[in-house]
């Protein structure tokens with residue numbers, strides 16, 4: 001499960017930030033679009049149907065139990081990470097771009113501040 005890898009990275013980053021700025025951070029929120037994966041993280045009961053799941057994937061369940069991470073369901077069409085991982089149509093791309101706070105530099109009204117002074121082009 002990708003949630004396990006996300007939890008590992010999040011915990012590592014929390015520990016790093018804790019060393020740099022001191023203190024402790026809030027628990028990490030992992031947004032998942034798979035309800036079955038979420039139920040695996042919250043239900044500690046072992047079922048025969050789940051015996052094919054490798055041991056290392058139970059790490060996320062332990063993190064939820066120990067309140068290191070929290071998992072939340074987000075519908076697949078609202079996953080912010082999709083802008084970086086999937087090909088999207090133009091309209092969907094613009095919606096997702098706004099969700100993650102990226103501004104289109106080609107839009108009217110966007111102007112760069114400052115200027116480049118003393119630059120000359122040389123022939124090689």
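The values are calculated or read from the model by the stated rules, or taken from the named source; none is laboratory data. None of the values given here were measured: they were computed from a predicted structure. Quick reminder, even Gly has a Cβ in these numbers, built from the backbone with ideal geometry, and neighbours come from all protein chains shown.
Remarks
- Looking only at residues of the stretch 27-43 that are more than 14 Å from residue 72 (Cβ to Cβ) and free of Cβ contacts under 8 Å to residues at least 24 places away in the same chain, we find that the one that is surrounded by the most Cβ atoms within 10 Å (Cβ to Cβ) is 43.
- Selection of the stretch 63-100 for residues being within 20 Å of residue 6 (Cβ to Cβ) and part of a loop (DSSP other than H, G, I, E, B) yields 66, 67, 68, 74, 75, 79, 80, 81, 86, 100.
- Considering the conditions (1) at pLDDT 85 or above; (2) surrounded by 10 or more Cβ atoms within 10 Å (Cβ to Cβ); (3) in a helix (DSSP H, G or I), residue 20 is excluded by exactly one of them, (2).
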